[in-house]
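The values are calculated or read from the model by the stated rules, or taken from the named source; none is laboratory data. What you are looking at is a predicted structure, and each value in this text was computed from that prediction instead of being measured. FYI the Cβ positions are ideal-geometry reconstructions off the backbone, even for glycines, and counts take in every protein chain you see.
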Amino acid sequence: MRKFILGLLCGLVIASSSVAFASGSIKALLFPASFEINGSTVTPSSSVQALHVNGSTYVPLRFIAENLGATVGYDAELQRIIVKNRELNLKDPDYAGIRAGNLIVTPSGGNSIVTGQLIFAGVGNSKNKISATLSFYNDSNRKIGEVLIKGNQFGVEAQAFTAKGTGDFRAYTTAILHVDAVNDKPALKPVSFIYKNSKYNFTLQLPAYWEGRYKVESSVNAASDRESIHFVTNQGGIIFSILVWTEQEWKEQGAMTQEVAQIWKLGEQGNKVFTIILPGDVQYDPENEEQTAEYHKLVSYIDLIRTSFKLQE
């Protein structure tokens, strides 16, 4: 029974017009039905049919979810159906208009299958050929996998994609989108420069856009003696900070801090734990459009910057 219903929800085709189960005395009947979703008539393929069971109607979950703008996946190991329908918030800061999201990662042997959606804003009704790379990182800031997105039907409506990558990266905490080419025209490769902290011997790759638009300041918490290295705008607004904890401090306070702040662990060396934290309040003048736009552009690179963190030997 469980396998049958699960198969139905995932959109498997049931060939017969009725199916009966002796165990539990359950009888299921297929019947023709039309579909109207959000005011629009949707014509399904011949494999999509409704099922009547004990007075209730069941329809394939994938068909309904995708017509509502969601993605659907099934993790066979966990026996879990996964549905995502959120804002597409993964962006390539160097290629405006293209966003991805609603990612579902499921295992396939020793590999991972990634299902998601991609949208290309501002292109009218045209369909576009896009290739892009999604890179996945774990909570230790280590890259654990990547997939290549390819398709020629991307436009202003969210388009589903499926891609395959090597390894199991279901435990990822960060995904980064990089657009490789649009309509066979290669995207510009991101240009960056290295920031090096000689005191703690770590480096970050900062995007070319940051050149001349930031400065570095540091402060020490009087109570904990913890140092914070602030990357700030020329107007003084904090973009992000690198916090240097002792191993014991992080063990005692890290989990609680992660519950109340946007903070990620970057790495550790000896007795030191390095984290990146975003400010909890507005760091720019909202009435100044130029300053606001510049601040948001600087912030758009945060994921790229934090995944570039390296401790030197």
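Assorted remarks:
- Selection from segment 59-81 of residues that are surrounded by fewer than 15 Cβ atoms within 10 Å (Cβ to Cβ) and over 21 Å from F154 (Cα atoms): A76, E77, L78, Q79, R80
- Total residues in segment 243-280, condition over 18 Å from A223 (Cα atoms), of a type in the set (D, E) and part of a helix (DSSP H, G or I): 1
- Within segment 75-101, residues that are of a type in the set (K, R) have Cβ atoms under 8 Å from residues that are outside any strand (DSSP E or B) in these pairs: K84/A70; K91/S300; R99/L88; R99/N89; R99/A121, counting only partners at least 6 apart in sequence or on another chain.
- Subset of segment 286-313 that is more than 15 Å from L204 (Cα to Cα) and in contact (Cβ under 8 Å) with a residue 40 or more places away in the chain - its residue that is surrounded by the most Cβ atoms within 10 Å (Cβ to Cβ): Y295
- F240 being without any contact (Cβ under 8 Å) to a residue 60 or more places away in the chain and in a strand (DSSP E or B): no
- Of the residues in segment 137-150, at least one is assigned by TED's automatic domain parsing to the domain that holds G101, more than 16 Å from the chain's Cα centre (by Cα) and over 18 Å from F309 (Cα atoms).
- Screening E211 against (1) surrounded by fewer than 18 Cβ atoms within 10 Å (Cβ to Cβ); (2) at pLDDT 95 or above; (3) in contact with a helix residue (DSSP H, G or I) (Cβ under 8 Å, 6 or more places away or on another chain) leaves a single unmet condition, (3).
- Q283 meets the stated requirement of being surrounded by 16 or more Cβ atoms within 10 Å (Cβ to Cβ), assigned to a loop (DSSP other than H, G, I, E, B) and of a type outside the set (D, E).
- For the condition of a type outside the set (F, W, Y), in contact with a Ser or Thr (Cβ under 7 Å, 6 or more places away or on another chain) and either farther than 24 Å from Y195 by Cβ or assigned by TED's automatic domain parsing to the domain that holds R226 (or both), N271 qualifies.
A quick yes/no check of all residues on (1) in a loop (DSSP other than H, G, I, E, B); (2) in contact with a Gly (Cβ under 6 Å, 6 or more places away or on another chain); (3) loosely packed, with under 14 Cβ neighbours inside 10 Å:
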site	(1), (2), (3)
V83	no, no, no
L88	yes, yes, no
L103	no, yes, no
P107	no, no, no
G116	no, no, no
K129	no, no, no
T133	no, no, no
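- The single condition among (1) in the same structural domain as I305 (by TED's automatic domain parsing); (2) closer than 20 Å to D303 by Cβ; (3) modelled with pLDDT of 95 or more that N234 does not meet is (2).
- Matching residues, segment 168-219, being farther than 20 Å from N89 by Cβ, part of a loop (DSSP other than H, G, I, E, B) and of a type in the set (S, T, Y): S198, Y200
- Some residue of segment 87-105 being at pLDDT 85 or above, in the same structural domain as I149 (by TED's automatic domain parsing), within 21 Å of the chain's Cα centre (by Cα) and farther than 27 Å from V182 by Cα: no
- Taking first residues from segment 112-127 that are assigned by TED's automatic domain parsing to the domain that holds V179 and within 18 Å of G167 (Cα to Cα) and partners that are of a type outside the set (K, R) and not in a strand (DSSP E or B), the Cβ contacts under 6 Å between residues at least 6 apart in sequence or on separate chains come to S112/D168; S112/F169.
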